[in-house]
Structure formats: C-alpha cells, structure tokens
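Colleague: Here it is, the structure in full.
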Amino acid sequence: MLNLRDSGREEDPLLLIERAVGTRPRGVEVLGDSRWTAAAQNATSYHAGAAFLVGDAAHRFPPAGATGISTAMHDTHNLAWKLAAVLHRQAGAALLDTYQQERQPVGARNAGETTSQWRQFTNPQAPLPPMRDIRQIDMGYHHHSNAVVPDGSPDADPPGTTYTQSATPGCRAPHVWTRSRSTIDLFDRDIVLLTGPDGAAWRTALAQTPVISHVLSGDTWRDVYGIGKDGAVLIRPDGIVAWRSASSGNPEAATTVVSDSLLFHLP
C-alpha cells in the first residue's frame, strides 16, 4: 500500500501511483486511503481447544524479506502432519500440544528479528542487537518440544547467526544431493529413518513401526547430518529432525523415540 501522505500533507493518490509506475493510471477511482504502520505482533497462544492459529492470525511482521509468508508456511507444515496423525488415529492427541511449543517461540523470534531488519532499513545508523541473517530467520529456526529429542548439541539458532544447515534435532533436515534427488525430497507424509549401509540394526529395530527407511550411500550426506557409518537420523513429515544417533548406540532407543515422542503413546 502506498503512503498517501508526506509530512502531514495530503497528496493526490493518482499522482503517487503515476510516480511509482511511470504512467498516469486510467479508469482508476480512489475510494479511500489510510496510513500503514510497520509493526510486529505475535499471539501469546497458538492453540486453545480445537482452535489453532497459523500465519497472519498468529503473527505479523514488518516486510523484511517476505518472512511473514515463510513463517506462515512453516506453521502450516508443522500443524498439518500433526493434525493428520491424530485425526487418523496414528498418534495421541498430546502431539497437538507441540504445535504451540514449537511455533509460538519462532513467531516471537521472527517478530523481533524483522523489527530489527526494518529499523536497519529505515535508519541504518540506529544501534541494533546482533541480528540473524534473512536465511537464518527463514530456515534456521530450532524447535524445542516434546516431539524433539535433544542429543546434547548446542543451540543452532543463537542471535546473530548466519545460516548454515544443521541436522541438530529440532532443526530443518539439511539438503544434500544423493544421486538424482535431494534428501529433502524423502520427507513428505511419513516419519523417515536415514541410515548408511551399516545401519541395519536401526532398520531392524523400527521394522514394526510406521517408519519409512532409506539407506543412503556415500560420506557426504553423513558428514552434513553429523553421523558415522552406523549412525541414524529420524526425520518428521515436516522435515524437522526429531532424533539423531551419531553411532550404533542402542537401536531400541529409536523405537522408544517413535512411540513416545512422535506417536505420543497412541492407545
């Protein structure tokens, strides 16, 4: 929306449009105008009973890098698979509580970050706190909830971070080319187990669960995902790393993660 006033003076909206697009608009009738103010808001709760807030209903940000639409899509992706799992009796209802746990803090983070980005744009000399770059704001968020099992890795999303892919549990699973497709093409409607050829014990342990296993060859993907030849990673349908074991460890632990942290003790 165009700002139709300059220093308190009324301006002809059609002249402003002409100035913006380079030609006098024809057949245009201006019915009204209003001021737009850059602002950031984030709901304190994204979930109450059967109601869930996503997108602009949950948060709004200044226009810094189209972060509002990115955050909205991530909200929807996060909630959609959880709703589907519960409604199809594939997971317990407690899984829905993790939507609030995960997305509300991201909304608060993005409200602060985009406000700083906007202030930098409008006043480059203004003192600002350390800022994440736009890619980190959009893709580098780190979820903490009952649907993520931490592995002792440090926070992957501190203030001032420049985006680097991370397979730390709670983060978006990294993109790595494997033959003719990306690893992220493997994550869709299912919980996915990634292992190398030496991860048979993990695959055996999860054979009776609703988990799809993919055996990937090569060292590149394992280096990016931070596991050894006998390690394993569990990825949620929304592409978030739920759990990771760098080495063989205890294969039965993966079964516990699926039943307790992703299916939430499905009756």
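The values are calculated or read from the model by the stated rules, or taken from the named source; none is laboratory data. Predicted, not measured: the structure shown is a model, and the values here were computed from it. Glycine also receives a Cβ, built like all others from the backbone with ideal geometry; neighbour counts cover every protein chain displayed.
Colleague: Please determine, by comparing only the residues of the range 154-188 that are assigned to a loop (DSSP other than H, G, I, E, B), of a type in the set (D, E, K, R) and farther than 16 Å from Thr220 by Cβ, which one is nearest to the chain's Cα centre (by Cα).
Modeller: Ranking the qualifying residues of the range 154-188, first place goes to Asp157.
Colleague: Condition first: surrounded by fewer than 19 Cβ atoms within 10 Å (Cβ to Cβ), more than 25 Å from Leu95 (Cα to Cα), hydrophobic (A, V, I, L, M, F, W, C) and more than 22 Å from the chain's Cα centre (by Cα). Now tell me which residues in the range 224-267 satisfy that.
Modeller: Result: Ala246, single match.
Colleague: Just the residues that are assigned to a helix (DSSP H, G or I), closer than 17 Å to Ala50 by Cβ and out of contact with any helix residue (DSSP H, G or I) (no Cβ under 8 Å at 6 or more places or on another chain), please, taken from the range 81-115.
Modeller: Scanning the range 81-115 gives Ala84, Leu87, Ala94, Asp97, Gln100.
Colleague: Ok, one more. Please determine whether any residue of the range 220-231 is within 24 Å of Gly140 (Cα to Cα), out of contact with any helix residue (DSSP H, G or I) (no Cβ under 8 Å at 6 or more places or on another chain), touching a residue at least 60 places away in the same chain (Cβ under 8 Å) and not in a loop (DSSP other than H, G, I, E, B).
Modeller: No: zero hits.
Colleague: Hey, does the range 162-173 have a residue that's buried (at least 19 other Cβ atoms within 10 Å of the Cβ), modelled with pLDDT under 95 and not polar (S, T, N, Q)?
Modeller: No, the conditions are met nowhere in the range 162-173.
Colleague: Could you list all residues from the range 54-80 that are in contact with a Leu (Cβ under 9 Å, 6 or more places away or on another chain) and assigned to a helix (DSSP H, G or I)?
Modeller: Once the filter is applied, which keeps residues that are in contact with a Leu (Cβ under 9 Å, 6 or more places away or on another chain) and assigned to a helix (DSSP H, G or I), the range 54-80 yields Asp75, Leu79.
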